[in-house]
Amino acid sequence: MDKTQLIFLGLPIFLFCSDLFNLFTPPPPKSQHQSQPSISNPQRFPETLDFPSQKSSGVGYGNIVEINFCVSCSYKGTAVTMKKMLETAFLGVDVVLANYPAPAPKRILAKVVPVAQMGVIGLIMGGEQIFPMIGIAQPPAWYHSLRANRFGSMASTWLLGNFLQSFLQSSGAFEVSCNGELVFSKLKEGSFPGEIELRDLISGTLTKPFFAGSY
């Protein structure tokens with residue numbers, strides 16, 4: 001096996017092992033420290049969006065807005081934009097971003113995919129020894145087809161497995177809650193909220209009157 005073959009063989013294995021390591025590495029703990037803007041220096045806040053009534057009232061203090069979104073769907077940019085808009089519109093509001101995981105069956109299948117990838121790649125590399133060990137004296141025809149272009153077969157297995165794993169880990173969610181009350185759900189609406197729409201929904205929740213007899 002020459003140097004070129006070693007490179008084509010090692011690359012998919014290295015990338016696969018990297019994906020496998022990232023899959024089972026636990027996410028970093030959420031930071032408990034949330035920065036609070038200074039009331040004495042309101043000029044520090046950006047002026048990209050002009051909502052003077054919310055800025056002057058400081059209605060956001062003591063309130064928490066949660067944006068749970070699908071990280072694997074590349075929704076992070078939209079979530080960060082909405083976070084900045086809400087922090088600008090409502091002084092003191094605590095906007096928390098978090099991943100919205102896929103359903104449990106999909107997450108379990110997503111963890112099985114790397115194992116299947118490794119099994120297929122191992123079978124392509126050493127099928128002549130593996131098949132006799134499991135009682136099959138003559139490898140089947142499909143194995144010879146994979147073996148004939150083993151580097152292409154291994155690269156295809158890695159790419160297909162990564163695509164399937166990403167699909168299984170995605171939830172397609174962009175859920176917004178204010179003080180524990182769901183105010184917008186992409187899973188129900190089928191689309192993202194507009195900035196003005198979301199600001200009005202949060203404003204309506206924050207200014208909702210409190211009734212003592214509701215408990």
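Per-structure values
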{"quantity": "DSSP bridge orientation in region 56-215 - percent antiparallel, rounded to nearest 5", "calculated": "60"}
{"quantity": "In range of the label at Leu201: residues from region 75-91 whose backbone nitrogen is under 14 Å from the point 7 Å along Cα→Cβ", "calculated": "79, 82-83, 86"}
{"quantity": "Amide H within-cut-off set for Val96, under 5 Å, with H built and near neighbours excluded", "calculated": "Val65, Glu66, Ile67"}
{"quantity": "Distant alpha-carbon pairs in region 55-169 (separation over 23 angstrom), percent", "calculated": "56"}
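Coordinate-derived values only; no laboratory data. In this text, all values refer to a predicted model and were calculated from it rather than measured experimentally. Here the Cβ is made from the backbone with ideal geometry for all residues, glycine too, and neighbour counts use every protein chain on show.
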